[in-house]
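Q: The structure that follows is given in the form of C-alpha cells.
The values are calculated or read from the model by the stated rules, or taken from the named source; none is laboratory data. This one's a predicted model, so the numbers in the text were calculated from it and none came from an experiment. Note that we place each Cβ from the backbone using ideal geometry, even for glycine, and neighbour counts take in every protein chain shown. Each accessible area value is taken on the protein alone, full model and side chains, heavy atoms only, with ligands, DNA and RNA left out. Shrake-Rupley method; radii C 1.70, N 1.55, O 1.52, S 1.80 Å.
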Amino acid sequence: MKDTISINSNSYEKKSVGPNCVLIKSLNPQQDDFASEISFGLTRKKKFIPSKYFYDANGSRLFEEICDLDEYYLTKKELEILSAIKSEMPKYFSQHGSVVELGSGSSIKTRHLFESLLENHSHVKYYPIDISDIVQESSERLQDEFTNLHITGIIDQYEAGLQLLKNLDDKKIIVFFGSSFGNFDHIAGLEFLNSIRNCMKKDDLFLLGIDLVKDVRVLEKAYDDSKGVTKNFNLNLLARINAEAGWQF
C-alpha cells in the first residue's frame with residue numbers, strides 16, 4: 001500500500017515492503033537540479049561532476065560489481081577492519097539502537113554493526129539513505145537475514161534524508177563508509193560534515209570510513225580495472241546525462 005506524505009515541505013511516497021520494512025521515496029523532481037549542477041560543474045575551470053549522480057539504478061548495480069573486483073581494495077579493507085573490531089563494538093554501542101547509513105547501497109558492511117547491536121538490543125532500527133532505488137532491493141534482502149531489524153529506507157539525497165531523521169528519540173549511529181568523503185572538495189566537505197553534526201544529538205555517534213594515502217599504481221588499478229567495469233560505470237553517467245538532461249555526449 002502506498003501513501004503520499006509531506007515532510008518539511010517536501011513530498012514523499014511511503015509504502016510498506018514487508019512486516020518490518022517501510023520505504024519513503026522523494027517525489028520532488030530533481031531534473032532541474034541535475035541539469036544545472038552538471039552544467040555548473042562542466043563550465044568551471046577545474047571541471048567536475050557531483051559523484052552522487054553516478055548512482056541511478058544501473059550505476060548502483062555497476063558499483064556493486066566494482067566492489068567485488070580484485071583491484072578494488074576499499075570494500076575488502078573496510079570489511080576486514082569491521083570484522084577485526086566486531087567484538088569491541090558492543091561496549092561502545094550498547095546504548096544505541098538505531099543506525100543511519102548514508103549511501104547504503106547493498107548494506108554489506110553494515111551487517112557487522114547489526115550483529116554487534118543485536119547483542120544488547122531485542123531489535124535494531126535501520127535507516128538507509130540512498131539516492132538510488134537499490135534501497136528497496138537491499139532492504140528486502142536484509143529482512144530475510146535479520147528478523148529483528150526494523151527498516152525505514154529513505155530514497156533521497158543525504159541532506160534531505162538526514163533532516164527527516166533529525167528528531168529521532170533513539171540514540172543513533174550515523175555511518176558513512178566507502179571513503180566517499182574523498183569525493184568532496186574542502187569547502188563541500190566541511191558543509192557536508194556540518195549537515196551531519198546539525199542532525200546529531202549529544203550521545204549520537206558518527207562512524208566514518210576514510211582511505212589513507214596510497215601508491216599511485218594501486219589507485220590506478222582500483223579505478224581503471226582490467227575488466228572495464230569502472231569504465232562502464234563512468235560511461236553510464238554520460239548516458240544518464242543524455243537521457244535526463246537532453247545533452248549529446
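Q: Could you work out, for the chain, what percent of all Cα-Cα pairs fall into each 5 Å distance bin, beginning at 0 Å and stopping at the bin that holds the largest distance?
A: Here the calculated profile for the chain is 1, 5, 12, 16, 19, 18, 14, 8, 4, 1, 0.
Q: If you don't mind, there's one more thing I want to ask. Please compute the Cα-Cα pair-distance distribution of segment 114-232 with 10 Å bins starting at 0, giving whole percents from short to long.
A: Using 10 Å bins, I get a P(r) of 10, 33, 34, 19, 3 for segment 114-232.
Q: Something else about it: Considering amide H positions built from the backbone, and no H for Pro or chain starts, which residues 5 or more places from Leu207, or on another chain, come under 5 Å of its amide H?
A: Those lying under 5 Å, H to H, from Leu207 are Ile174, Val175, Phe176.
Q: Expressed as a whole number of Å, what is the distance separating the alpha-carbon centroids of segment 37-97 and segment 182-220?
A: About 11 Å separates the Cα centre of segment 182-220 from the one of segment 37-97.
Q: Between Asn58 and Lys91, take the C-beta separation as r, use R0 = 41 Å, and let me know the FRET efficiency to the nearest 0.05.
A: 0.50
Q: Now for a separate question. Using only alpha carbon pairs under 8 Å that are at least six residues apart, calculate the relative contact order of the chain and give it in whole percent.
A: 22
Q: Per residue, how much accessible surface does the chain expose to a 1.4 Å probe? Answer in Å², no decimals.
A: For the chain, the per-residue accessible area is 55 Å².
Q: Which lysines have a Cα lying under 19 Å from the Cα of Lys201, excluding residues fewer than 8 positions away in the same chain?
A: Counting by Cα, and skipping residues close in sequence, Lys201 has these lysines nearby: Lys125, Lys166, Lys171, Lys172.
Q: Between Asn120 and Ser39, what is the label-point separation in nm under the 7 Å Cα-to-beta-carbon projection?
A: Those two pseudo-labels are separated by 5.1 nm.
Q: Can you compute 3J(HN,Hα) from phi for each residue in segment 132-142, using the Karplus curve 6.51 cos²θ - 1.76 cosθ + 1.60 with θ = phi - 60°, rounded to whole Hz and x for Gly and Pro?
A: With the stated coefficients, segment 132-142 comes to 9, 5, 4, 4, 5, 4, 5, 5, 5, 5, 5 Hz.
Q: Same structure, new question: Kindly write out, for segment 66-77 in residue order, the coupling ³J(HN,Hα) from the Karplus curve 6.51 cos²θ - 1.76 cosθ + 1.60 (θ = phi - 60°), rounded to whole Hz, with x marking Gly and Pro.
A: Rounded to whole hertz, the list is 4, 4, 8, 5, 4, 6, 8, 7, 4, 4, 4, 5.
Q: Run the accessible area of segment 53-115 with a 1.4 Å probe and give the carbon-and-sulfur part as a rounded percent.
A: Looking at segment 53-115 in its full context, I get 55 percent from C and S.
Q: Residue by residue through segment 232-245, which ³J(HN,Hα) values in whole Hz follow from phi under the Karplus form 6.51 cos²θ - 1.76 cosθ + 1.60 (θ = phi - 60°), with glycine and proline marked x?
A: Once θ is set to phi - 60°, the couplings for segment 232-245 become 5, 4, 5, 5, 4, 5, 5, 5, 5, 4, 4, 6, 9, 9 Hz.
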